[in-house]
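Working notes, beginning with the structure itself.
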Amino acid sequence: MGHYFGRTGKTVLLTIDFGFIFYWLLIALNLIPHEWVFQNYDDPNVRAWNWSFLPLDIAASITGFMGIKGKGNLALLVISSTLTMVAGGMALAFWGIQGFFNLGWWLPNLFLFVAGLIFLVRLVNSQPK
């Protein structure tokens, strides 16, 4: 792992992976205050859209955790980084289409998109040419 991302990158990846799990625990236990949820959260279709991210986010976490073991598993790290980038990008695209702009939701998802992209670039550049 160290030669792919370094100590800081590993910390960021672990934070993201634990963050996905923490977010879903908050959602499942209904612990996010209603005034903090995103626009139209009470709409059943929007809730279903949000829940559709569960498998994506958990897959990103599992492949991330498995990928950082030892010196790192390149294939799993690529999968985790791709899923992380896609999760953030899909949320931003949906909210952009909906016209919902709230920094409390946009910044974390922009972070997921950018972090996943940076990790992918680093992984590609770590390979011999």
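Check off (1) open to solvent by 40 Å² or more (accessible area, probe 1.4 Å); (2) at pLDDT 95 or above; (3) more than 11 Å from the chain's Cα centre (by Cα) for Thr82 and give me the number that stays unchecked.
(3)
Residue-by-condition table, conditions (1) in a helix (DSSP H, G or I); (2) among the hydroxyl-bearing types (Ser, Thr, Tyr); (3) open to solvent by 60 Å² or more (accessible area, probe 1.4 Å); (4) touching a residue at least 60 places away in the same chain (Cβ under 8 Å):
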| position | (1), (2), (3), (4) |
| --- | --- |
| Gly9 | yes, no, no, yes |
| Leu13 | yes, no, no, yes |
| Phe18 | yes, no, yes, no |
| Leu31 | no, no, yes, no |
| Glu35 | yes, no, yes, no |
| Ile62 | yes, no, yes, no |
| Met66 | yes, no, yes, no |
| Gly70 | no, no, yes, yes |
| Leu76 | yes, no, no, no |
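Starting from the range 83-105, keep only residues that are over 16 Å from Ala59 (Cβ atoms), then list their pairs with residues that are among the polar types (S, T, N, Q) and assigned to a helix (DSSP H, G or I) whose Cβ atoms are within a distance under 6 Å, requiring at least 6 positions of separation or different chains.
Correct list of pairs: Leu92/Asn109.
Please go through the range 112-126 and give me each residue that is touching a residue at least 40 places away in the same chain (Cβ under 8 Å) and open to solvent by 60 Å² or more (accessible area, probe 1.4 Å), ordered by number.
Passing the criteria: only Arg122.
Taking Ala93, is it of a type in the set (A, V, I, L, M), at pLDDT 95 or above, part of a helix (DSSP H, G or I) and farther than 18 Å from Thr8 by Cα?
yes
Can you tell me which of (1) touching a residue at least 40 places away in the same chain (Cβ under 8 Å); (2) part of a helix (DSSP H, G or I); (3) loosely packed, with under 15 Cβ neighbours inside 10 Å is the one Ala48 doesn't meet?
Of everything listed in (1) touching a residue at least 40 places away in the same chain (Cβ under 8 Å); (2) part of a helix (DSSP H, G or I); (3) loosely packed, with under 15 Cβ neighbours inside 10 Å, Ala48 misses just condition (1).
The values are calculated or read from the model by the stated rules, or taken from the named source; none is laboratory data. Nothing here was measured: the structure is a model prediction, and the numbers come from that model. Glycine gets a Cβ as well: all are built from the backbone with ideal geometry, and neighbour counts include every protein chain shown. Surface accessibility is based on the protein's heavy atoms, side chains included, excluding ligands, DNA and RNA. Shrake-Rupley method; radii C 1.70, N 1.55, O 1.52, S 1.80 Å.
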